[in-house]
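The values are calculated or read from the model by the stated rules, or taken from the named source; none is laboratory data. Given the structure is predicted, the values throughout are model-derived calculations rather than measurements. Neighbour counts run over all protein chains shown; Cβ positions are idealised from the backbone, glycine included. Note: areas computed on protein heavy atoms with side chains; ligands, DNA, RNA excluded. Shrake-Rupley method; radii C 1.70, N 1.55, O 1.52, S 1.80 Å.
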Amino acid sequence: MRDATVLDRVELLLAPSGRSGVPPFIVMDVMAAAERIEAGGGHVIHMEVGQPAAAAPRPAIEAAAAALRGGRIDYTSALGIASLRQRIARHYRESYGCSVDADRIVITTGSSGAFILAFLAMFEPGDRVAVTIPGYPPYRHILTALGCEPVLIETSSETRHALSGEALLDVHRKTPLKGVLVGSPANPTGTMMSREALTGLMAAAEGAGIRFISDEIYHGLDYAFPAITAAELSPHALVINSFSKYFCMTGWRVGWMVVPEPLVRPIERLQQNLAISVPTLSQIAAEAAFDGREEMETIKRGYLENRRILIEGLPRAGITKFLPADGAFYLYADVSDFTSDSPTFAKTMLEQAHVAATPGVDFDPVHGRSFIRFSYARSADDMREAVARLARWLKR
Ligand SMILES: Cc1ncc(COP(=O)(O)O)c(C=O)c1O
């Protein structure tokens, strides 16, 4: 009896909080399984993780090396290095013809760090925030960990997986929403919102008092038409972006937000307390990365070629149904002709064909069992080899 009490007490001391019980990010589990095959001598084609194969642009690496040789790497101000914030403001002028005050730009630890700051600054525990499915899983998992309620709104291929204003308001009328988060180009679908679709959705959200967050991490990787920034359409939208994808700097962990003016100081206070500042070396490298545009455009042309190889090659392998690959480096394929159990399908594909891809259930708890996400951020040779392996495997 006494022992049980001690055990109970120990259990209580060690029990994780309820809010830490978020689901895993399944793509990381696929990566681990692929690594086990590679450790045994297998050659895996990696199409699971959304990570550029290229290194950071040369000017970024040189700037970081010079800063390291300079010795001290100090904290920066919580909102980020002033010259980087100004360089990002210039990027909005040059790339979108849109004027954004550098004072509204906040440097973050990747866009992942931005989500935490944005959600804390915008929402109270219990607030309902709409996210689309299929969609990037950490949106809903971070909201849950912070005590907010992610409200999943299904999108369909008929609307290129864009959330419409009517669909948002339908949900809001039943139980009010505090916010909505969308991404374009989107992960996992690779689809993009047209100017009309984004304008309509933002107008509907603002009209109903629903705060708008735009994840623009795949901007720069747009093939169907130029991506539109929400910063151009409203000063009330909160925009999140990152150096991880177009700039090829995943491991540097640096991103940014454009925030509505009244949120600058609250976010500054949060950042001061949560992180003090974003890693200085990464901020220095990020500023210089803008000078590597030619390198990044060459890499983008490589993705375009990879996309062509998959769009032409996958149907020959028997995978004929996929969404328009408008942007990012993803192709979201309907594999319902082969399976209604995408986790087992992906596992078998990895074990037998040595092609790693992510089962749709990571992105869509409703229909994801019939979908697989292929990332095409690697080399063209890898893409050709993947198509050949899939053709052999699916026709076996
Ligand atoms: C849609 C989307 N948003 C955000 C992120 C997070 O990226 P990071 O924290 O590296 O900026 C990712 C990463 O894959 C993503 O796909």
Self-check item: Pairs, first charged (D, E, K, R) in the range 215-229, second within 11 Å of the ligand (Cβ to nearest atom) and open to solvent by 10 Å² or more (accessible area, probe 1.4 Å), C-beta under 6 Å, six or more apart
Solution: D215/G183
Exercise. Inspect the range 125-138 for any residue being touching a strand residue (DSSP E or B) at 6+ places or on another chain (Cβ under 7 Å), open to solvent by 30 Å² or more (accessible area, probe 1.4 Å) and within 16 Å of the ligand (Cβ to nearest atom) and give the result as yes or no.
Key: yes
Quiz item: Which one of the conditions (1) in a helix (DSSP H, G or I); (2) surrounded by fewer than 24 Cβ atoms within 10 Å (Cβ to Cβ); (3) not polar (S, T, N, Q) does A285 fail to meet, given that it meets all the rest?
Solution: (2)
Exercise. Mind listing just one residue for me: the one in the range 294-351 that is in contact with a strand residue (DSSP E or B) (Cβ under 6 Å, 6 or more places away or on another chain) and over 20 Å from S156 (Cα atoms) and, of those, most open to solvent (accessible area, probe 1.4 Å)?
Key: P343
Exercise. Of the numbered conditions (1) under 20 Å from E294 (Cβ atoms); (2) not in a loop (DSSP other than H, G, I, E, B), A53 fails exactly one; give the number of that condition.
Key: (2)
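In the range 210-231, what count of residues is obtained for those that are assigned to a helix (DSSP H, G or I) and either within 13 Å of the ligand (Cβ to nearest atom) or over 18 Å from V180 (Cβ atoms) (or both)?
Looking only at the range 210-231, we keep the residues that are assigned to a helix (DSSP H, G or I), and these are 230-231.
Okay, now just the ones that are also either within 13 Å of the ligand (Cβ to nearest atom) or over 18 Å from V180 (Cβ atoms) (or both), so none.
Result for the range 210-231: 0.
This table checks each residue for (1) within 21 Å of the chain's Cα centre (by Cα); (2) within 16 Å of the ligand (Cβ to nearest atom); (3) at negative phi.
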| position | (1), (2), (3) |
| --- | --- |
| A82 | no, no, yes |
| I88 | yes, yes, yes |
| D101 | no, no, yes |
| I105 | yes, yes, yes |
| T108 | yes, yes, yes |
| G113 | yes, yes, yes |
| I116 | yes, yes, yes |
| A121 | yes, no, yes |
Quiz item: Does the range 375-389 contain any residue that is open to solvent by less than 10 Å² (accessible area, probe 1.4 Å), more than 18 Å from the chain's Cα centre (by Cα) and not basic (K, R)?
Solution: yes
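Taking the range 232-248, which residues are surrounded by fewer than 22 Cβ atoms within 10 Å (Cβ to Cβ) and either within 12 Å of the ligand (Cβ to nearest atom) or in a loop (DSSP other than H, G, I, E, B) (or both)?
Those that are surrounded by fewer than 22 Cβ atoms within 10 Å (Cβ to Cβ) and either within 12 Å of the ligand (Cβ to nearest atom) or in a loop (DSSP other than H, G, I, E, B) (or both): S234, P235, H236, A237.
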Quiz item: For the range 249-262, what are the residues that are open to solvent by 10 Å² or more (accessible area, probe 1.4 Å) and either within 11 Å of the ligand (Cβ to nearest atom) or touching a helix residue (DSSP H, G or I) at 6+ places or on another chain (Cβ under 9 Å) (or both)?
Solution: T250, G251, W252, R253, P260, E261
